[in-house]
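Here's the structure, in structure tokens; my notes come after.
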């Protein structure tokens, strides 16, 4: 029987603009080197950081909805496929056989994410 876990999160872009401006260590604690490179290479890095942070939070919530707890947001990496679609890679916290799907969106002021964790394991 397939089980689903869902999670969503919304973040203020200005919060991440402040973190970037202050060179806050939270950026290096929460985001992977790849996420940092990707975000800082953008014309609008605060939007990228905010969307990825929302995505990480949404993934943690979706996994928790399936009964998988103790996942740190730093263990969730949000990458980009060649076609531009985001995808999730778990670091040091395997969640097999769960598949995670993610959707990110942002504007100048807000970033939002929706995650779905899908567990097709036999009971």
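Looking at the range 49-63, is at least one residue modelled with pLDDT of 95 or more, farther than 18 Å from residue 6 by Cα and within 14 Å of the chain's Cα centre (by Cα)? Yes, the range 49-63 has at least one match. Look through the range 84-97, keep the residues that are free of Cβ contacts under 8 Å to residues at least 40 places away in the same chain and either part of a strand (DSSP E or B) or in contact with a strand residue (DSSP E or B) (Cβ under 8 Å, 6 or more places away or on another chain) (or both), and return whichever of them is surrounded by the most Cβ atoms within 10 Å (Cβ to Cβ). Ranking the qualifying residues of the range 84-97, first place goes to 88.
Put simply, of 45, 86, 94 the only residue that is modelled with pLDDT of 95 or more and out of contact with any helix residue (DSSP H, G or I) (no Cβ under 6 Å at 6 or more places or on another chain) is 86.
Against the criterion of being modelled with pLDDT of 95 or more, in a loop (DSSP other than H, G, I, E, B) and surrounded by fewer than 17 Cβ atoms within 10 Å (Cβ to Cβ), residue 122 does not qualify. The numbered conditions (1) surrounded by fewer than 13 Cβ atoms within 10 Å (Cβ to Cβ); (2) modelled with pLDDT of 95 or more; (3) not in a helix (DSSP H, G or I) are all true for residue 111 except (1).
For the range 64-83, the set of residues classified as in a loop (DSSP other than H, G, I, E, B) and over 19 Å from residue 31 (Cβ atoms) consists of 66, 67, 68, 69, 70, 82, 83, listed by residue number.
The values are calculated or read from the model by the stated rules, or taken from the named source; none is laboratory data. Since the structure is predicted, the reported quantities are computational estimates derived from the model, not experimental observations. With ideal geometry, Cβ positions are generated from the backbone for all residues, glycine too; neighbour counts draw on all protein chains shown.
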